[in-house]
Amino acid sequence: MKTSASAARSRKALAAMRNRATLESARAAGLLGAAKNARVAGRVSAELVAAAKRSAGLSSDTDVIEIALAKLALEDDFGVKLVRNKGSLPRELDIEF
């Protein structure tokens, strides 16, 4: 049985892996250049920022914004395509299940 400290470490490690994978994908897609040359400013709920930091295992506003923007930029349209194709396969098609 995991202790709460052990579970917290596991969640933090998983969040770090997800963050790395997101940034690596963004880099591979050409979305992350060598220089951070854009500035983003805005007002959002402090609770939203705190929840995002907890979820991502981050403490920096800049890191949270970078991860969030990368996730949005990399988002695919799988769900839209799936719904659009609903019913496009014949019912008699045997998919061997």
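At-a-glance table
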| read-out | value |
| --- | --- |
| Whichever residue in the range 1-50 is polar (S, T, N, Q) and at pLDDT below 95 and, among such residues, is nearest to Asp61 (Cα to Cα) | Asn37 |
| Residue match in the range 39-54 (condition: in contact (Cβ under 8 Å) with a residue 24 or more places away in the chain and under 23 Å from Ala13 (Cα atoms)) | no |
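The values are calculated or read from the model by the stated rules, or taken from the named source; none is laboratory data. Not measured: the values here are computed from a predicted model. Reconstructed Cβ throughout: ideal geometry from the backbone, glycine too, with neighbour counts over all protein chains shown.
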